[in-house]
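The values are calculated or read from the model by the stated rules, or taken from the named source; none is laboratory data. Nothing here was measured: the structure is a model prediction, and the numbers come from that model. Cβ: placed from backbone, ideal geometry, glycine included. Neighbour counts: every protein chain shown.
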Amino acid sequence: MKDGLARVAGFLQELVLPVDCAGCGAPGPALCRDCRSRLRPEVTRREVQGMPVLSALAYEGVVQPVVVAFKNEGRTGLAPPLAVALRQAVAAAVQQVAGDGLLLVPMARTRRSAVERGYDPVRVLLRRARLPSTDALRLVRSPQDQLRLGREERFRNLEGGMAARIPLAGRRVLLVDDVVTTGATLTEAARAVRAAGGAVLGAATVASTRLR
């Protein structure tokens with residue numbers, strides 16, 4: 001319900017107030033034609049702690065400000081092209097997995113971020129992409145803000161921070177997130193799933209930072 005109200009509020013705001021393109025800042029539509037064309041999915045694969053991660057976009061150029069505007073600035077009208085990208089990443093990940101009964105599991109969400117935003121970005125995109133998901137993970141402690149932490153600090157910050165909220169023994173899981181950077185969040189989510197007896201077959205994200 002809150003996600004729906006947030007999407008409506010974002011849409012109405014863009015109708016009433018002047019907006020700039022989230023990608024390039026040009027006055028006009030929320031996403032200009034040139035920037036929209038740069039959001040065409042091109043799925044790539046990387047590995048995080050041995051786990052295959054399929055991502056639809058490179059987190060650079062136009063993609064970065066568009067994702068930030070969607071996640072942190074309440075511009076939920078940007079969801080459609082990002083949902084298309086997520087759907088492509090999920091489809092590519094599923095193609096690499098044999099068998100049925102796969103659970104799409106988004107990351108555990110913090111109460112604070114949900115309250116501040118009024119919506120959960122990944123779950124909005126999953127619904128927009130018409131992808132069924134299962135809230136199988138919860139936070140057992142609140143981590144520090146990851147923004148200013150280095151790679152190793154991010155892993156330590158999240159270690160042991162998630163747990164399963166439903167039985168996962170024997171279940172096959174595909175993790176879902178918006179952006180993979182160091183992979184610390186996906187690594188902790190995978191640990192929590194495995195600790196509950198589930199099998200993590202991979203992950204799908206909207207975007208991925210380039211490996212260094």
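Of everything in the stretch 170-212, what is free of Cβ contacts under 8 Å to residues at least 24 places away in the same chain and touching a Phe, Trp or Tyr at 6+ places or on another chain (Cβ under 8 Å)? Give them in sequence order. Can you show your working first?
Quick first cut of the stretch 170-212, residues free of Cβ contacts under 8 Å to residues at least 24 places away in the same chain only: 194, 212.
Selection gives nothing.
So in the stretch 161-173, with the set limited to residues that are crowded, with 20+ Cβ neighbours inside 10 Å and not in a loop (DSSP other than H, G, I, E, B), which one is farthest from the chain's Cα centre (by Cα)?
The qualifying residue farthest from the chain's Cα centre (by Cα) is Ala164.
Among the residues in the stretch 148-159, are any at pLDDT below 95, crowded, with 17+ Cβ neighbours inside 10 Å and of a type in the set (D, E, K, R)?
Yes, because at least one residue in the stretch 148-159 is at pLDDT below 95, crowded, with 17+ Cβ neighbours inside 10 Å and of a type in the set (D, E, K, R).
How many residues does the stretch 159-188 hold that are farther than 16 Å from Pro121 by Cβ and among the hydrophobic types (A, V, I, L, M, F, W, C)? Show your work before the answer.
Kept after step one, since they are farther than 16 Å from Pro121 by Cβ, are these residues of the stretch 159-188: 159-174, 182-184, 187-188.
Adding the requirement that they be among the hydrophobic types (A, V, I, L, M, F, W, C) leaves 162-164, 166, 168-169, 173-174, 184.
Count: 9.
Each row is one residue, and each column tells you yes or no for (1) modelled with pLDDT under 95; (2) surrounded by 16 or more Cβ atoms within 10 Å (Cβ to Cβ).
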position: Ser55; (1), (2): no, yes
position: Glu60; (1), (2): no, no
position: Pro65; (1), (2): no, yes
position: Glu73; (1), (2): yes, no
position: Pro81; (1), (2): no, yes
position: Ala92; (1), (2): no, yes
position: Gly101; (1), (2): yes, no
position: Leu104; (1), (2): no, yes
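Quick test for you: out of Leu131, Leu211, pick the one residue that is hydrophobic (A, V, I, L, M, F, W, C), at pLDDT below 95 and in a loop (DSSP other than H, G, I, E, B).
Testing whether each residue is hydrophobic (A, V, I, L, M, F, W, C), at pLDDT below 95 and in a loop (DSSP other than H, G, I, E, B) leaves just Leu211.
Under 9 Å between Cβ atoms, which residue pairs at least 6 apart in sequence (or on different chains) link something in the stretch 73-99 that is of a type in the set (Val, Ile, Thr) with a partner that is at pLDDT 90 or above and assigned to a helix (DSSP H, G or I)?
Taking only residues 6 or more apart or on different chains, the pairs are Thr76/Phe70; Thr76/Pro121; Thr76/Val124; Val84/Arg128; Val90/Leu126.
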